[in-house]
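Inspection log for the structure reproduced underneath, given as structure tokens.
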Amino acid sequence: MKRKMHLAAYLKTGPTASYASAWRHPSAPLHDIWDAERYEHLARTLEDARFDAGFFADGLGLPDIYKNRYDDYVGRGGQLSLIDPMIVLPLMARVTKHLGLGNTISTTFHQPYQIARSLGSLDLLSRGRAAWNVVTSATDFEARNCGLDGVPPKDERYDRADDVLEACCKLWDCWDEDALVLDRESGVFADPNKIRYADHVGPYVRTRGPMTIPRSPQGRPLILQAGSSPRGRECAARWADMIFCTPGTKEAAIEFRIDMHKRLEVIGRSPSECAVMPTLSVVIGETESIAKEKAEFLDSLIDPELVLASSSQLLGVDLSRVDSAEQAEREAGNQGIAGSRDRMSQVAKAEGISFAQAVRKPRALLAGTPEMIADLMEDWFTNGACDGFVLPPTVFPMTYEEFARMVTPELQRRGLLRREYAGRTLRENLANPG
């Protein structure tokens, strides 16, 4: 069977998902952010485009790192979560049959029973299509909303993540697949012999169980993870079914995937068990000149202060007073995402610019025809850089509508993307991409 690529959508419950100031584009609707139809249409579009899954990035606060205030990030329209994603995911499940549905939940701020119960419920309602984007959180403003003075050190956060994940897996395994009997005649609702306690006692969390939530068709939600530091990669290798990354170059993507494969093999996992998926932002045009014109128009909307505010949030340091990657890492302390700092350093090196200039650049865009975009995706996919891609909407929802109409058919024509879903659960579709 020919290898096929995986696709996941990076989403936010707000008007901007990734590209700074994209909410200002006239094709980006603002009137329907609180309408169910917005998310139902999104889900149908992603399924039509044959995506494996869509997952919501999420955060527990308003970023106030840039200039020690939230004015620029909120006032200029950053990546905001205006609704709890767990509220809209069931709406998306209701109108689809195959699309995986993921949410971001922090292991630093949540207890395992709450996580397992919430995601287990979504997994049952979607008939086995739930996913958990595991994050350890990297900003003090989130910690302060959850009763802490700041985020713990990175290694400690990942140690806790391992503990929380172990506990969640035990909770999801409390019920056997056939524990529910539902036999009216005999009066047997469930077989208690097929339900057990979790009895997890770890260094950070403890939970007794059993879960109130029966086992789902896929056993447990898929695990998504984006750790880029050495400790983050170790965690991803142990737990993840999909690993996301944000390399600045193809060479960096190849190096990352090789490193992850080595880590998987060391702990006895096959590289085929885990899809490595870099981020790709696209602008699609019927001709190259149309695509470039659309990208130029997007660039004209960009607010430079919002770019800096967004980069500050990712790096965990106020970039209005930081000029180098070394200074950014030093002053961030326990805050910041290593993958974002690496990407900005890679961009600076590749383009021959300073780190200070790199953090002021918006996300790189691939602007081209469907054939040009498919060419790059095929090149990365066939030459060891990835197993698929994470695509944020450059303009929501237009990017996904155009991708479904123009790029998906081109990838299918090349035999690189499924024409139909092979399985009924997300786990089955990850194992067999069609």
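Computed quantities for the displayed model
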item: Pairs where the first residue, in the stretch 202-230, is under 14 Å from L180 (Cα atoms) and the second is charged (D, E, K, R) and outside any loop (DSSP other than H, G, I, E, B), C-beta under 6 Å, 6+ apart; result: I213/R117; S216/D123
item: Boolean, G384 is closer than 23 Å to D259 by Cα, in contact (Cβ under 8 Å) with a residue 12 or more places away in the chain and surrounded by fewer than 20 Cβ atoms within 10 Å (Cβ to Cβ); result: yes
item: Subset of the stretch 180-215 [touching a Phe, Trp or Tyr at 6+ places or on another chain (Cβ under 8 Å) and among the hydroxyl-bearing types (S, T, Y)]; result: T207
item: Candidates A167, A143, filtered to the one that is aliphatic (A, V, I, L, M), touching a His at 6+ places or on another chain (Cβ under 8 Å), farther than 16 Å from N103 by Cβ and not in a loop (DSSP other than H, G, I, E, B); result: A167
item: Test set (1) at pLDDT 85 or above; (2) under 20 Å from P230 (Cα atoms); (3) touching a strand residue (DSSP E or B) at 6+ places or on another chain (Cβ under 9 Å); (4) not β-branched (V, I, T) - G316 fails condition number; result: (3)
item: Subset of the stretch 134-193 [among the polar types (S, T, N, Q) and farther than 26 Å from R233 by Cβ]; result: N145, S186, N193
item: Selection count, the stretch 395-412, where residues are in contact with a helix residue (DSSP H, G or I) (Cβ under 7 Å, 6 or more places away or on another chain) and without any contact (Cβ under 8 Å) to a residue 60 or more places away in the chain; result: 1
item: Among the candidates N145, N133, residue that is closer than 20 Å to D318 by Cβ and of a type outside the set (K, R); result: N145
item: Test: D155 is surrounded by fewer than 18 Cβ atoms within 10 Å (Cβ to Cβ), within 30 Å of H98 (Cβ to Cβ) and of a type outside the set (A, V, I, L, M); result: no
item: Candidate set from the stretch 412-434 (those that are in a helix (DSSP H, G or I) and under 22 Å from the mean Cα position of the chain (by Cα)); member that is nearest to G77 (Cα to Cα); result: L426
item: Neighbours by Cβ (under 6 Å, 6+ apart or cross-chain): first from the stretch 46-63, of a type in the set (D, E); second part of a strand (DSSP E or B); result: D52/H6; D52/L7; D52/A8; D52/G100; D58/T104
item: Hey, T207 β-branched (V, I, T) and farther than 11 Å from P112 by Cα or not; result: no
item: Pairs, first free of Cβ contacts under 8 Å to residues at least 24 places away in the same chain in the stretch 237-265, second assigned to a helix (DSSP H, G or I) and not acidic (D, E), C-beta under 6 Å, six or more apart; result: H261/P271
item: Residues that are in a loop (DSSP other than H, G, I, E, B), more than 19 Å from A252 (Cβ to Cβ) and either at pLDDT below 95 or within 22 Å of the chain's Cα centre (by Cα) (or both), drawn from the stretch 355-386; result: R360
item: Single condition T394 does not satisfy, out of (1) crowded, with 19+ Cβ neighbours inside 10 Å; (2) part of a loop (DSSP other than H, G, I, E, B); (3) in contact with a Lys or Arg (Cβ under 8 Å, 6 or more places away or on another chain); result: (3)
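The values are calculated or read from the model by the stated rules, or taken from the named source; none is laboratory data. Fair warning: this is a prediction, and the values are worked out from it, not measured in the lab. Using ideal geometry, Cβ is built from the backbone for each residue, glycine included, and neighbour counts are taken over all protein chains shown.
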